[in-house]
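K.L.:
Structure incoming, see below.
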Amino acid sequence: MTTSTYFSVSDIKAAQPISGWEEFLAEGEAYLKTASGAHRKAKKVFTAEILYNIIAMAIEKFVMAALMKHGALPYNHTMKDLVEAMDETFPKVLSKIKGELLTMDSYQEICDLDGFKITPPEMDKIPLMLELSQEMHTIVTRLVN
């Protein structure tokens with residue numbers, strides 16, 4: 001005997017937040033603060049490559065906080081994957097900054113072990129990346145509140 005299971009609309013539950021999203025938001029804020037302060041003070045130890053990585057970590061943490069708050073996760077953690085997950089979960093919310101976020105992916109293509117490539121950005125690109133990270137923070141703050 002075969003039984004069929006039917007679901008009604010009332011059986012479908014909204015996605016539940018994934019615990020820990022608040023920590024991701026706080027970590028993103030800490031990374032952004034570190035990168036901003038380091039760039040402002042122009043300490044030589046904070047090269048453009050190091051600042052890029054700190055900024056990318058801030059953006060990743062912000063995206064993860066928003067997605068987790070809304071019960072979603074990306075397929076991977078490249079900037080392209082993070083942007084795609086944001087587009088799926090929050091259509092058009094990144095329309096203003098999507099291109100710049102995807103450009104950040106071009107500096108480190110490290111997922112393919114046979115063909116990974118790292119091209120450090122020039123220091124003059126860092127202010128735009130900091131603005132991008134701040135904009136992501138603003139977007140995510142609106143999404144999680």
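The values are calculated or read from the model by the stated rules, or taken from the named source; none is laboratory data. Since we're looking at a predicted model, the values are computed, not measured. In this analysis, Cβ positions are derived from the backbone assuming ideal geometry, glycine residues included, and neighbour counts consider all displayed protein chains.
K.L.:
Does Leu130 fit the bill of being modelled with pLDDT of 95 or more, closer than 27 Å to Met68 by Cβ and in contact with a Lys or Arg (Cβ under 9 Å, 6 or more places away or on another chain)?
P.N.:
In short, no.
K.L.:
So for the stretch 50-70 (the condition being touching a Phe, Trp or Tyr at 6+ places or on another chain (Cβ under 7 Å), of a type in the set (Lys, Arg) and in contact (Cβ under 8 Å) with a residue 24 or more places away in the chain), does at least one residue qualify?
P.N.:
There is at least one residue in the stretch 50-70 that is touching a Phe, Trp or Tyr at 6+ places or on another chain (Cβ under 7 Å), of a type in the set (Lys, Arg) and in contact (Cβ under 8 Å) with a residue 24 or more places away in the chain.
K.L.:
Filter the stretch 68-111 for residues that are surrounded by fewer than 18 Cβ atoms within 10 Å (Cβ to Cβ), among the aliphatic types (A, V, I, L, M) and more than 20 Å from Ile54 (Cα to Cα) and give the result.
P.N.:
Ala72, Leu73, Val93
K.L.:
If you check Ala26 against the conditions, is it in a loop (DSSP other than H, G, I, E, B), free of Cβ contacts under 8 Å to residues at least 60 places away in the same chain and surrounded by fewer than 19 Cβ atoms within 10 Å (Cβ to Cβ)? Spell out the reasoning first.
P.N.:
Values: in a loop (DSSP other than H, G, I, E, B): no; free of Cβ contacts under 8 Å to residues at least 60 places away in the same chain: yes; surrounded by fewer than 19 Cβ atoms within 10 Å (Cβ to Cβ): yes.
So Ala26 fails the test.
K.L.:
From the list Tyr52, Tyr31, which residue is touching a Pro at 6+ places or on another chain (Cβ under 8 Å), among the hydroxyl-bearing types (Ser, Thr, Tyr) and part of a helix (DSSP H, G or I)?
P.N.:
Tyr52
K.L.:
With (1) under 16 Å from the mean Cα position of the chain (by Cα); (2) more than 17 Å from Ile139 (Cα to Cα); (3) at pLDDT 95 or above; (4) buried (at least 16 other Cβ atoms within 10 Å of the Cβ) as the list, and Gly20 as the residue in question, which single condition is left unmet?
P.N.:
The single condition Gly20 does not satisfy is (4).
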